[in-house]
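Q: This is the structure I have questions about; it appears just below.
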Amino acid sequence: MCRSIKTLRPPALAEEATQDEIRAAALQYVRKVSGFRVPAAHNQEVFDQAVERIAQATAELLDGLEVRGAARRA
């Protein structure tokens with residue numbers, strides 16, 4: 001889909017993903033899906049809301065994943 005989005009879970013990432021890394025991945029996803037690198041002023045609010053919701057869903061996903069042979073995020 002979007003090659004600039006990297007895997008955010010161990011063992012691909014040595015440490016747990018930071019909020020900045022999660023938000024960056026969400027931003028890249030929204031940019032790809034919307035087709036806008038920077039939204040117009042009249043689309044900014046919905047664009048920002050999508051980034052925040054996707055970042056939250058991503059954090060929840062990473063928190064809930066069980067990777068065999070790796071400790072769960074605390």
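Q: What residue, among those in region 46-70 that are at pLDDT 90 or above and among the β-branched types (Val, Ile, Thr), is least open to solvent (accessible area, probe 1.4 Å)?
A: My answer is Val51.
Q: Also, quick follow-up: Find the residue count for region 25-40, including only residues that are open to solvent by 90 Å² or more (accessible area, probe 1.4 Å) and of a type in the set (Val, Ile, Thr).
A: Within region 25-40, residues that are open to solvent by 90 Å² or more (accessible area, probe 1.4 Å) and of a type in the set (Val, Ile, Thr) number 2.
The values are calculated or read from the model by the stated rules, or taken from the named source; none is laboratory data. Quick caveat: nothing in here was measured; it's all calculated off a predicted structure. Just the protein is used for accessible areas: all its heavy atoms, side chains included, with ligands, DNA and RNA removed. Shrake-Rupley method; radii C 1.70, N 1.55, O 1.52, S 1.80 Å.
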